[in-house]
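The values are calculated or read from the model by the stated rules, or taken from the named source; none is laboratory data. What you see is a predicted model, and the numbers here were worked out from it, not measured in a lab. Quick reminder, even Gly has a Cβ in these numbers, built from the backbone with ideal geometry, and neighbours come from all protein chains shown. We work out accessible area using only protein heavy atoms, side chains counted, and drop any ligands, DNA or RNA first. Shrake-Rupley method; radii C 1.70, N 1.55, O 1.52, S 1.80 Å.
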Amino acid sequence: MSPPNQTVVSEQLKTAIAAACSQSNHLLHILYVLQQKFLHVSDEAVYGVAAHLGVPISQVVSVVEFYSFFHKTTRGRYDILFSNCASCGDLELMRLLCQNLDVTAGSTRADGLVSIGETSCIGMCDHSAALLVNGLPITGLDIRKIVRITALITSEAPLCEWPTEWFSVDDNIRSVGLILNDNLAVGDGLRAMLSRGVPDTLDEIIKSGLRGRGGAGFSTGMKWKFCKEAQGDAHYVVCNADEGEPGTFKDRILLHSHADSVFEGMTISAFVIGANKGFLYLRGEYRYLLPQLETLLASRRKAGLMGKKILGKKDFDFDIEIVVGAGAYICGEESALIESLEGKRGIPRIRPPFPVTFGYLGQPTVVNNVETFCAAAYIMQHGSAWFRSIGTEQSAGSKILSISGDCAFPGIYEYAFGVSIQQILDDCGAQDVQAVQIGGPAGTLINSTGFNRRLGFEDLSTGGSLMVFDQSRDILEVIRNFAHFFAHESCGFCTPCRVGTMLLKNGLDKIASGHGTQYDLDEMQRMGELVKRRSHCGLGQTAANPILDGLQHFPLAFEQRLVYHEFEPHFDLDAALEEARQITHRDDAAAHLE
Ligand SMILES: Cc1cc2nc3c(=O)[nH]c(=O)nc-3n(C[C@H](O)[C@H](O)[C@H](O)COP(=O)(O)O)c2cc1C
Ligand code: SF4
């Protein structure tokens, strides 16, 4: 995008920018408001925002180009994005809607009425096929619903006239444990914290053995301790609610039904590390939760649980701002998230230094997952022994799982760590299971020989996703779906991941289309290991996992697609010459390759 020739920004745009800024000065927020109003972010808007915020035009341009929810060309008045996830995606339905409305997938209809495209998992995997229309989720899609959506769009019915039940998203809680079973009375965690004081509060969190629920499993107490001890002008608390890993939706439920505990956990962290300001970074796909979360924050302020002198404690001021992401999975990586909070592209930082010493605006920052903060609030109330009473030596407490795929009862399950995969499969009504993907595409793919393995940091760890695939599934297609996801979501900063994820995706496409050879499989193994070893951040380091696990546990899924055993080009050379044959009017034997 080049800067506009005219430096004059229209009054209408200036007013829109000022209105957006009156709510929040955050760049993502301003761009979102403009995108909503004008259905795209124009060059003029980029210029106006840069001038208004006093930041370089190049920064605004790079942000618009980085996040997939911002567009430089005009979207439809109905802007529809179908999930392409292995659990909550159904692109056949997308093609049907495109056909019904005469739209080419990935584009906007000429009259500007509707645009239809696909997007990565939208966190609705317990509700089968799902889409976003103007940012709002509609779940449980089937052919009948697509027909009704076609009619509603054709008659230009505003969204408020669409069936309201379409927009309500159930929690789908199937089994409860320590956390989901408990109802913390609002403020109780904070009262327990104040009566303990800072050193004992921190001690209690360390003793509980709580480890991060976002995937990496670092000790939460130690993270808070390092941050507290780090020097800085200010300290910050950040709640990572980006939840972009396909198959993961447990934070959606916590934010919907246990948000008080999440805010309470953040406030406890602030008390320990000495922070006055916190952020909740909410994934763009969960924007529909924003009004409810803002209302809750307001009521906590009113109740003296947030803001100045919390619960009357002198010098304990803390408030939380919600920043909404814009469709970039990489922003779940903590340093990329911090960059995004600073109004930049979500490119992971070089670490060390880690966020605990050099985080938001270069200051000591705690970043924790939604579930981690929630657990911390309960630990404050009930004590570390309560938390340690279940789980295993290295994995104390419970884990909330998002279960989806081929099972009778998809939804949310809370288990004590140490539970076997077979137990989980029995509980969710999974039969004839071929494969289980634990921890999302970045996690581990197992076959039936692994069903006796246990959930926990010492064996199978997960940020919260468990996807079930029965015998009817083509595992190669599942793995290909994951490979496409990573190639799409790679931020492009480092070569091993940017190029490697693309080559892995292309390799799988080649095999799936029947042009693969043993050479391609060997190449994918080699490339997968290279991407894993050489990539800059966790995305690249885990992107090849499904392929490497697949080659190990499901070799037949690959081998049965190999037609040739020697070298086979990625495309049909003879077919590629067809155009030349037509131009020269030749179709004799010599004009063909053997
Ligand atoms: C590509 C990528 C995506 C991630 N996405 C998330 C996420 O959505 N939510 C999350 O809590 N952690 C995510 N993480 C892990 C975070 O970097 C970080 O470890 C975590 O937020 C720390 O919180 P915890 O200690 O409570 O787990 C992601 C990591 C990577 C590499
Ligand atoms: S590994 Fe991938 S996502 Fe991570 S920095 Fe490199 S290109 Fe970006």
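Just one residue in the set S115, S107 is under 29 Å from the mean Cα position of the chain (by Cα) and farther than 29 Å from P291 by Cβ; that residue is S107.
Rundown of residues vs (1) within 18 Å of the chain's Cα centre (by Cα); (2) away from ligand 1 (no atom under 16 Å from the Cβ); (3) buried (at least 19 other Cβ atoms within 10 Å of the Cβ); (4) under 22 Å from G244 (Cβ atoms), yes/no style:
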site	(1), (2), (3), (4)
L455	no, no, yes, yes
D459	no, yes, no, no
G463	yes, no, yes, yes
F482	yes, no, yes, yes
A487	yes, no, yes, yes
G492	yes, no, no, yes
K505	no, yes, yes, yes
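Every condition in (1) assigned to a loop (DSSP other than H, G, I, E, B); (2) touching a Pro at 6+ places or on another chain (Cβ under 9 Å); (3) closer than 26 Å to K344 by Cα holds for S87 except the one numbered (3).
Looking at this structure, is E229 open to solvent by less than 10 Å² (accessible area, probe 1.4 Å) and away from ligand 1 (no atom under 14 Å from the Cβ)? When the stated conditions are applied, E229 does not pass them. No other residue among L31, L101 is over 24 Å from R283 (Cβ atoms) and either open to solvent by 40 Å² or more (accessible area, probe 1.4 Å) or at pLDDT 95 or above (or both) apart from L101. Taken as a whole, the structure places F218 among residues that are within 14 Å of ligand 1 (Cβ to nearest atom), open to solvent by 10 Å² or more (accessible area, probe 1.4 Å) and not aliphatic (A, V, I, L, M). Taking into account only those residues within the stretch 342-356 that are more than 13 Å from ligand 1 (Cβ to nearest atom) and not basic (K, R), which is least open to solvent (accessible area, probe 1.4 Å)? Once the filter is applied, the top-ranked residue is G343. Among residues of the stretch 288-304 that are within 18 Å of D251 (Cα to Cα), those with a beta-carbon under 8 Å from a residue that is open to solvent by less than 40 Å² (accessible area, probe 1.4 Å) and of a type in the set (D, E) at least six positions away or on a different chain give the pairs L296/D260. The set of residues in the stretch 511-544 being assigned to a helix (DSSP H, G or I), within 16 Å of ligand 1 (Cβ to nearest atom) and open to solvent by 20 Å² or more (accessible area, probe 1.4 Å) consists of K532, R533, R534, G538, Q541, T542.
Every test in (1) away from ligand 1 (no atom under 14 Å from the Cβ); (2) under 30 Å from A326 (Cα atoms); (3) touching a helix residue (DSSP H, G or I) at 6+ places or on another chain (Cβ under 9 Å) is passed by G189 save one, and that test is (2). Among the residues making up the stretch 253-277, those that are buried (at least 24 other Cβ atoms within 10 Å of the Cβ) and among the small types (G, A, S) are S261, G265, S269, A270, A275. For H488, the criteria (1) over 28 Å from V433 (Cα atoms); (2) modelled with pLDDT of 90 or more; (3) not in a helix (DSSP H, G or I) hold in every case but one, which is (3).
Taken as a whole, the stretch 324-343 holds no residue that is within 27 Å of L131 (Cα to Cα), β-branched (V, I, T), free of Cβ contacts under 8 Å to residues at least 40 places away in the same chain and not in a loop (DSSP other than H, G, I, E, B). Considering the stretch 278-295 alone, what residues qualify as being part of a helix (DSSP H, G or I) and open to solvent by less than 40 Å² (accessible area, probe 1.4 Å)? Matches in the stretch 278-295: G284, E285, Y286, L289, L290, L293.
If I filter the stretch 54-75 for residues that are of a type in the set (G, A, S), more than 24 Å from the chain's Cα centre (by Cα) and within 29 Å of C160 (Cβ to Cβ), do I get at least one hit? Reasoning before the result, please.
Going through the stretch 54-75, the residues of a type in the set (G, A, S) turn out to be 54, 58, 62, 68.
Retained after the next criterion (residues that are more than 24 Å from the chain's Cα centre (by Cα)): 54, 58.
Filter again for within 29 Å of C160 (Cβ to Cβ), leaving none.
Within the stretch 54-75 (the criterion being of a type in the set (G, A, S), more than 24 Å from the chain's Cα centre (by Cα) and within 29 Å of C160 (Cβ to Cβ)), the answer is no, since none of the residues qualifies.
Which residues, taken from the stretch 127-176, are of a type in the set (K, R) and crowded, with 16+ Cβ neighbours inside 10 Å? Passing the criteria: K145, R174.
With respect to (1) closer than 17 Å to P246 by Cα; (2) among the hydroxyl-bearing types (S, T, Y); (3) crowded, with 21+ Cβ neighbours inside 10 Å, the lone exception for T108 is condition (1). Checked across the stretch 311-326, the condition of being within 16 Å of ligand 2 (Cβ to nearest atom) and either at pLDDT 95 or above or surrounded by fewer than 19 Cβ atoms within 10 Å (Cβ to Cβ) (or both) holds for at least one residue.
Among the candidates L210, L194, single out the residue that is within 18 Å of K225 (Cβ to Cβ), in contact (Cβ under 8 Å) with a residue 24 or more places away in the chain and open to solvent by less than 70 Å² (accessible area, probe 1.4 Å). I'd like the intermediate steps shown before the answer.
Numbers: L194 fails: within 18 Å of K225 (Cβ to Cβ).
Residue meeting the stated conditions: L210.
Residues that are in contact (Cβ under 8 Å) with a residue 60 or more places away in the chain and under 20 Å from the mean Cα position of the chain (by Cα) within the stretch 135-161 comprise G135, L136, P137, listed in sequence order.
In the stretch 213-224, the residues that are within 21 Å of G464 (Cα to Cα) form Cβ pairs under 7 Å with partners that are among the hydroxyl-bearing types (S, T, Y), at six or more places apart or across chains, as follows: R213/T372; G214/T372; G217/S461; T220/T372.
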